[in-house]
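Undergrad: Could you have a look at this structure, given as structure tokens, before my questions?
What follows is calculated from the coordinates using simple rules that are stated; it is not laboratory data. The structure presented is a predicted model; accordingly, all values stated were derived computationally and were not measured. No Cβ is skipped: glycine too gets one built from the backbone with ideal geometry, and neighbour counts run over all protein chains shown.
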Amino acid sequence: MRRILAKTTLTFATLAALLAAFSGSQVAQAEVIDRIVATVNHHIILQSDWDEALRYEALLNGRALSEFTDDDRRSTLDRLIDQELLAAQMKSAYFQHASESDAAARLAEARKQYPEADTDEGWQSVLARFRITEKDLIAHVQQQMDLMRLVDAHLRPAVQIDSQSIEAYYREKFVPQLKQSGAAEVSLADVSGKIRELLTQEKVNELLVSWLHTLRSESRVSIPGGDESGGGGAQAR
């Protein structure tokens, strides 16, 4: 009887050890798969967040994930960090948030990049290839549109484009490009509105770079294995 009990105890002990080892292995594996890749003001960005962002970018831009270089991947992580910084600014900003119908219009454009997406079945196949659901994609696009509207609401009022700048762009860039393409001449009056908007967007982009630099310098941004910024300067990009 004692031998039986001894064998039973040994069996349970062995099983417990195996389960513990297996559990430890699974935890270690999970840590490798979903490790922390950055923190922004103590908010964690995981490897899975980074991978998901890459899938969204690939799908919306008609690219295969295999085309992304290391620099492309790092740029995506940088954008994730910037988005975290901008998202914190939404709490005190006032602008019209993007609706599902706004996002659907953007998706319709992205869908045109995939010939097989002519049918709903083909579109679902594309989504499955990137491991993304349509619901999640719409939510992602809404978030991206909200960030762009935040930037526009915050920076556009500070932009002033004068008539001299419009005339200079028309004379020095627009007309030469028009002649090079062999297109018919277009008067300044016909394109001044479009040129104004183009110059406004260029200025907003310049201001955005400066704003993000300021936000990073005022924040605690850390990338494991890389530099950490916070108060002393912006993270090198």
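Undergrad: Name the long-range amide H neighbours of VAL221: under 5 Å, sequence gap of 5 or more, or other chain; modelled H, no Pro or chain starts.
TA: Hits under the 5 Å cutoff: ASN41, SER229, GLY230.
Undergrad: By per-residue mean of other Cβ atoms within 10 Å, what is the highest-first order of 183-194, 38-49, 80-91? Can you show the working numbers first?
TA: Numbers: 183-194: 10.8, 38-49: 15.4, 80-91: 17.0.
Taking the mean over residues of other Cβ atoms within 10 Å, the ranking is 80-91, 38-49, 183-194.
Undergrad: Another question about this same structure. Tell me, what HN-Hα J-couplings in whole Hz come from the Karplus equation 6.51 cos²θ - 1.76 cosθ + 1.60 at θ = phi - 60° for each residue of segment 170-185, using x for Gly and Pro?
TA: Values per residue, Gly and Pro as x: 4, 6, 8, 10, 5, 4, x, 5, 5, 5, 5, 7, x, 7, 5, 5 Hz.
Undergrad: May I ask for the net charge around TYR114, where only other residues with Cβ less than 13 Å from the Cβ of TYR114 are counted and Lys, Arg are +1 while Asp, Glu are -1? Numbers along the way, then the final one.
TA: On the way: positive: ARG63, ARG111, LYS112, ARG129; negative: GLU109, GLU116, ASP118, ASP120, GLU121.
Within the 13 Å Cβ shell, the charges total -1.
Undergrad: Hey, fewest Cβ within 10 Å first, where do THR133, THR200, THR119 land in order?
TA: Details: THR133 12, THR200 16, THR119 9.
Arranged by neighbour count, lowest to highest, THR133, THR200, THR119 become THR119, THR133, THR200.
Undergrad: In whole Hz and in residue order, list the ³J(HN,Hα) couplings for segment 69-75 that follow from phi through the Karplus curve 6.51 cos²θ - 1.76 cosθ + 1.60, θ = phi - 60°; x for Gly and Pro.
TA: Computed from phi, the couplings for segment 69-75 are 7, 4, 5, 4, 5, 5, 4 Hz.
Undergrad: Now for a different question. Under 5 Å between amide H atoms, partner at least 5 residues away or on a different chain: which partners does LEU46 have, H built in plane at 1.01 Å?
TA: Here the answer is VAL37, since their amide H atoms fall under 5 Å of that of LEU46.
Undergrad: Same structure again: So for segment 45-158, what percent of the C-alpha to C-alpha distances run longer than 18 Å?
TA: Within segment 45-158, distances greater than 18 Å cover 55 percent of Cα pairs.
Undergrad: Under 16 Å from a label point 7 Å along Cα→Cβ of GLU134: give me every residue in segment 64-106 with its amide N that close.
TA: Counting only backbone N, you get 100-106.
Undergrad: What is the packing order of peptides 95-108, 52-65, taking the mean over residues of other C-beta atoms within 10 Å and listing the highest first?
TA: Output ranking for 95-108, 52-65: 52-65, 95-108.
Undergrad: Diagonalise the Cα gyration tensor of segment 103-237 and give the resulting equivalent ellipsoid semi-axes, square root of 5 times each eigenvalue, largest first, whole Å.
TA: 34, 30, 14
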